[in-house]
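Reading through the structure tokens given below for one structure.
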Amino acid sequence: MNNLFKHYSVAALILSAASSAFAADTADLKVQGTLIMGSCTPTLTSGGVVDYGKISLSSMSATDVNQLGTKEITLTLTCQTPTKAGWSITDNRADSVIDTQPQMEGNPIPGTVDEFGLGTTVAGVRLGSYGINAANNGDPVIDGKQGYIGVSDDNGMTWGIAANGGVYSHGDGARLITFSDADGQPVEFTTASDILKVGASVQDTTTLAITDDTLLDGLATISVKYL
């Protein structure tokens, strides 16, 4: 996950046509959007890399899924002016996802929609999957004060507070997460940060049939959305 891109949703294109009792020979094209005062930049600790290090095949199960444990990395959004902003995470290895039910601190992640791909072997065997959880148990910091995490599954139309156990990103980028008040409603900030927890697992070594060193190759893009 060492590639970061900042996406700007500045303009939307809407097509509309006039209606009447007769067929119209014209159509209106409208371009709309909002010019915001300041932009926000996402940064990750450790250069955006969650490193599981070297894992010996001899220490892994030949028959069962291998849980690799939970790692942490900190996400910070820094804005030029007080801004309401959220983020989504899109899996760039979605074609390699396989349901290996990765665990986060010993607990299985909720479902396959929350799983991101880890790449494949040279022979094309899918390695496994991982989940990304935005912590919400005293971890978010908003302009130096303890904050909360809000979540939206309808592109920001409605928001709710994340559970104490945090909230998982969806690999398709459809879930929005934001820094919020105690009710989950987005709040303005200039600098806010939260811990992202990553839990990964890989298939059994018999299925993987690895004959050479193989890299875990998870890659996801964090996109900022202004609210």
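Just so you know, all these numbers are worked out from the coordinates, no wet-lab data involved. Predicted, not measured: the structure shown is a model, and the values here were computed from it. Note that we place each Cβ from the backbone using ideal geometry, even for glycine, and neighbour counts take in every protein chain shown.
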Taking θ as phi - 60°, what are the ³J(HN,Hα) couplings along region 149-161 by the Karplus curve (6.51, -1.76, 1.60), each to the nearest whole Hz, with x for Gly and Pro?
-> 10, x, 9, 9, 10, 10, 6, x, 5, 10, 10, x, 6
Under 5 Å from the placed amide H of MET104, counting only residues 5+ away or on other chains, we find ILE109
For region 11-226, with only Lys/Arg (+1) and Asp/Glu (-1) charged at the beta-carbon, what is the dipole magnitude about the Cα centre, in debye rounded to 20?
-> 340 debye
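Can you check how the C-alpha radius of gyration of region 145-227 compares to 2.2 N^0.38 Å, as a plain ratio?
1.45
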Whole-Hz Karplus couplings 3J(HN,Hα) for region 209-214, θ = phi - 60° and coefficients 6.51, -1.76, 1.60, Gly and Pro as x, run 6, 6, 10, 8, 4, 10
Enumerate the calculated ³J(HN,Hα) couplings along region 90-103 in order (Karplus 6.51 cos²θ - 1.76 cosθ + 1.60, θ = phi - 60°), each rounded to whole Hz, writing x wherever the residue is Gly or Pro.
-> 10, 7, 8, 10, 4, 6, 9, 5, 9, 6, 9, 6, x, 10
222 nm mean residue ellipticity, helices alone, for the chain (DSSP H n ≥ 4; -39,500 (n - 2.57); rounded to 500) | 0 deg cm²/dmol
Given the peptides 139-150, 171-182, arrange them by the average over their residues of other C-beta atoms within 10 Å, most packed first.
-> 171-182, 139-150
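Can you tell me the dipole magnitude for region 99-227 around its Cα centre, using point charges on the Cβ only (Lys, Arg +1; Asp, Glu -1), in Debye to the nearest 20?
Around 80 debye, computed over region 99-227.
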For region 116-163, just the Cα atoms, rotate onto the principal axes and tell me the three extents in Å, largest first.
-> 48, 26, 18
In Å, descending, principal axis extents of the Cα set of the chain | 72, 50, 27
Hey, in the GNM for the chain with a 10 angstrom Cα cutoff, which one of VAL167, VAL49, VAL151 fluctuates hardest?
-> VAL49
Which residue, chosen from THR83, ALA134, GLY69, occupies the Cα position most advanced towards the positive end of the dipole of region 11-226, where the dipole is computed from +1 (Lys, Arg) and -1 (Asp, Glu) charges on Cβ about the Cα centre?
-> THR83
For the charge dipole of the chain, defined by +1 on Lys and Arg C-beta atoms and -1 on Asp and Glu C-beta atoms about the Cα centroid, which residue among ASN164, ALA94, TYR148 has the Cα displaced farthest towards the positive pole?
-> TYR148
